[in-house]
Structures are given as structure tokens and as C-alpha cells.
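Data block below; observations after.
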Amino acid sequence: MITRRSLPWILVCVLSAGVEVAAGAQVRIGDRAVVTVEVAQTEAEKIRGLSGQEGLEPGRGMLFVYEAPARPLIWMRGMRFPLDILWIRDGRVVDLVTGAKPPAPGEAPQVFAPREEVQYVLEVPAGFTKRYGVALDDPVQIDLKRGGEQ
């Protein structure tokens, strides 16, 4: 019997089964940085995100794709490493979060939302925005075709 208490456990089991995400797409920020990304398009992929991973290789990230502009919430549940979060709309960075930290044991995860609606969210290792001088209004090019996506 499924109860309200068992629903979170069922969700964890489903997410732990492994959700395939497209890889090989690229995001270019200005003329300074290129990030090869895993693409999260389905709700299950977006919920799972980078949770449970130990880290990201240099030059790697995760791109969340939204069909229509939205103000998605990004949470640090299950994260094991800090992130920089770039909110993207109409080919430019419209908001930034730097150094979002995973929750300490027993601590509730942080939740972040952009100041305005976005089409994409890019998660990269903390320090990325400083290293590459990423700022609000920087131009962004997204190439989903590299990984066989549309």
C-alpha cells in the first residue's frame, strides 16, 4: 500500500534508478568559456539534476531546458559539491548565483530562483563565474545539436 510516508521513498527509488540525459551539447559564454553539458529536459531529469554526483570535470556542466520561459526553483538537495548557477534567457545571462553550497548533514537544502523568467539554467562548478569573468548580460550561445539533440 502506498501512503504519504512512502511517497518520498518511492521518488528516491525512481530517481536512483538512473535517468539518461543527453551529453555533448555545448554552451558558449561570450568569447571566454565553452562548457560541454548534460541536458536535463524531462521533469525527472530536472528533479535529479546533479544530485549524488561527486563533482564535475573542468569544462563540464548541466543545462536545464524549459519549453517556455519560467521561474524554476533550483535546490541543492543531494548535492555533494558547490555550484555556480547561471540563469539564461534570450541569449544572455539574466541572473547568477555563485558558490551555492550543498546542505550540511541535517540541514535543509538551499533553494534558488531567478529574478525573472528564464529559458535555461546552467549549473557549473563553484568558481566558474569568477574564473571566466561571467557577468550579467553576457551573451550565451547554446548548441544542443552536438549531442544529437534538436
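Laboratory data are not the source of any read-out in this text; all were calculated from the coordinates shown. Treat the numbers as computed from the prediction; the structure is a model and nothing was measured.
Length gain on complete extension for the stretch Thr98 to Leu136, per 0.36 nm per residue less the alpha carbon to alpha carbon distance?
12.5 nm is the gain from fully extending Thr98 to Leu136.
Out of residues 5 or more away from Gly30 or on other chains, whose amide H comes under 5 Å of its own, with H placed 1.01 Å from N in the peptide plane?
For Gly30, whose amide H was placed from the backbone, the distant partners under 5 Å are Val140, Gln141.
Taking θ as phi - 60°, what are the ³J(HN,Hα) couplings along the range 58-66 by the Karplus curve (6.51, -1.76, 1.60), each to the nearest whole Hz, with x for Gly and Pro?
x, x, 10, x, 10, 10, 9, 10, 10
Bin width 5 Å, alpha-carbon pairs only: give the P(r) of the range 6-147 as whole percents, running from 0 to the bin holding the largest distance.
Whole-percent P(r) values from 0 Å outward: 2, 10, 20, 24, 22, 13, 5, 2, 1, 0.
How would you classify the range 70-146 from its alpha-carbon gyration tensor, with a ≥ b ≥ c the square roots of the eigenvalues: rounded for a/c under 1.5, else prolate if a/b is greater than b/c, otherwise oblate?
Verdict is prolate for the range 70-146.
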